Amino acid sequence: MRCLRQMFEQEGCNRDDWTLISDRMKGVELAVRETFPRATRRVCCQHLYMNCKNNGFSGSAFHKLFWIAANAYNEYVFGKAMEKISEYNANATAYLNSCIEQWSRHKFDSTVCCDHNTTNFVESFNACTKPFGDMPVFSLLEAIRSWCMQRVGARFDKAVDMEEGQLTAYALKELEERTAESRLCYATACGGGEFEVRDGHVNFPIRLATRSCACGKWQICGIPCKHALRVIYDQRMNPHDFISPWFKAAAYKLTYAEHIHPMADPSQWPDFGLPSIQPPTIKRPSGRPAKKRKRGANEPKKGKRNTNVKCEMWKV
């Protein structure tokens, strides 16, 4: 963590308003407090749920209520879910309230425009680098560097070709899905730039000037929710004008302003006269080395998909 902080400072970045998410490992937690004391800390809800199971809070009812509370974009839905969890087990509510990190979406900072409450994107990176797991350390790092160079390079070229105000692929996908959902909503103008949107049997106040909806999703995500889109389309406005700048070309270009440059073969590297470091002597343990990820004690086992082969003629 100190090296990461020093790298930021060397690049001229001295800001402290970071948002970090982790699985509450003791080493990581202490390092974050020491190195980034002002950073906003989130906890991975999947790991938090597994901790709840380890403390005896489990069952299908608790699982459903926990994720309703975790994914709640407003305090009302969160409070209702926590009330039902308290009825299920008061100790579970006390345990969740003792979590000092942010884990429910309604508590997230609206200026960040990110509603991630799990570390799935980290697991995705680990899955992409899984084929390199059997390599020695040097070969492993070189394979990861090559993989990152290819991925970042493609996005660097994409950023160069983006036009001003163009939306990212993620924003376009979310906008398309929420537009389809907005067809079942009905908006009523109240005057003064305020609207009331009916979604099923529930009404949601909308204020275009402050870019806010009572459901809370627009404020947290930075992309208009289905209720706001219903108003925007009824008013013949462009929804792109109401999307956060974080999802537009300028931010994308800033994110991928640099790329990883190609590197010569190690045989062509300059010689600095340093001693050659040899790998330590390792005694190979007996048996075949494990490759699969070790699942937790309460983590469900991966099921096998069974298929029945039937005769095309006799159907048996």
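Just so it is clear, none of the values below were taken in a lab; they were calculated from the coordinates. Worth saying up front: this structure is predicted, and the values here are computed from it rather than measured. Cβ atoms come from the backbone with ideal geometry, glycine included; neighbour counts cover every protein chain shown.
Note on the chain: with a GNM built from Cα contacts shorter than 10 Å, the maximum mean-square fluctuation among I144, I223, I85 falls on I144. Across the cross-link table entries K253/K291; K53/K294; K217/K291, which are compared at the Cα atoms, the separations over 29 Å belong to K253/K291; K217/K291.
Taking every C-alpha pair closer than 8 Å and separated by at least 6 residues, the mean separation divided by the residue count of segment 2-107 gives a relative contact order of 24 percent. In this structure the amide hydrogen of Q166, modeled in the peptide plane, comes within under 5 Å of the amide hydrogens of A249, none closer than 5 places in sequence on its chain. Computed per residue of the chain from DSSP H runs no shorter than four, each worth -39500 (n - 2.57), the mean residue ellipticity at 222 nm is -12500 deg cm²/dmol. Across the options N74, L48, S22, the greatest Cα extent toward the positive end of the charge dipole of the chain (unit charges at beta carbon of Lys, Arg, Asp, Glu) belongs to L48. Normalised by the number of residues in the chain, the mean separation of alpha-carbon contacts (under 8 Å, six or more apart) gives a relative contact order of 15 percent. Prolate is the label for segment 169-252, because a/c, from the alpha-carbon gyration tensor with a ≥ b ≥ c as root eigenvalues, is 1.5 or above and a/b exceeds b/c. Around I21, which amide H atoms from residues at least 5 apart in sequence, or from another chain, sit under 5 Å from its own amide H, with H modelled in the peptide plane? Under 5 Å from the amide H of I21: R42.
What FRET efficiency, computed as 1/(1 + (r/R0)^6) with R0 = 41 Å and r the Cβ-Cβ distance, is obtained for V137 and E177, rounded to the nearest 0.05?
Details: r = 42 Å, r/R0 = 1.03.
With R0 = 41 Å, the Cβ-Cβ based efficiency is 0.45.
Using the Karplus relation 6.51 cos²θ - 1.76 cosθ + 1.60 with θ = phi - 60°, the per-residue 3J(HN,Hα) values for segment 257-265 come to 6, 10, 9, 7, 7, x, 10, 5, 5 Hz, with x marking Gly and Pro. Taken as entire DSSP H runs, the helices of the chain that both span 30 Å or more between Cα atoms along their own long axis and average 0.0 or more on the Kyte-Doolittle scale are 137-161.
How many angstrom separate the Cα center of segment 167-242 from the Cα center of segment 1-18? Segment 167-242 and segment 1-18 have Cα centres separated by 37 Å. Based on the alpha-carbon gyration tensor of segment 172-213 and its eigenvalue square roots a ≥ b ≥ c, which shape applies: rounded if a/c is under 1.5, prolate if not and a/b is larger than b/c, or oblate? Oblate shape, in that a/c is at least 1.5 and b/c is the bigger or equal ratio.
Using the Cα centre of segment 99-179 as the reference point, and only Cβ charges (+1 on K/R, -1 on D/E), how large is the resulting charge dipole? Debye, rounded to the nearest 20.
Details: 9 positive and 13 negative charges, 43 e Å.
Here segment 99-179 has a charge dipole of around 200 debye.
Charged neighbours of L65, selected by a Cβ distance under 12 Å, balance to +1 (K, R count +1; D, E count -1).
Amide H contacts under 5 Å for S212: R207, restricted to partners 5 or more places along the chain or on a different chain, H placed in the peptide plane at 1.01 Å from N. Rounded to the nearest 20 debye, the dipole magnitude of segment 169-252 is 60 debye, with +1 charges on Lys and Arg beta carbons, -1 on Asp and Glu beta carbons, and the Cα centre as origin.
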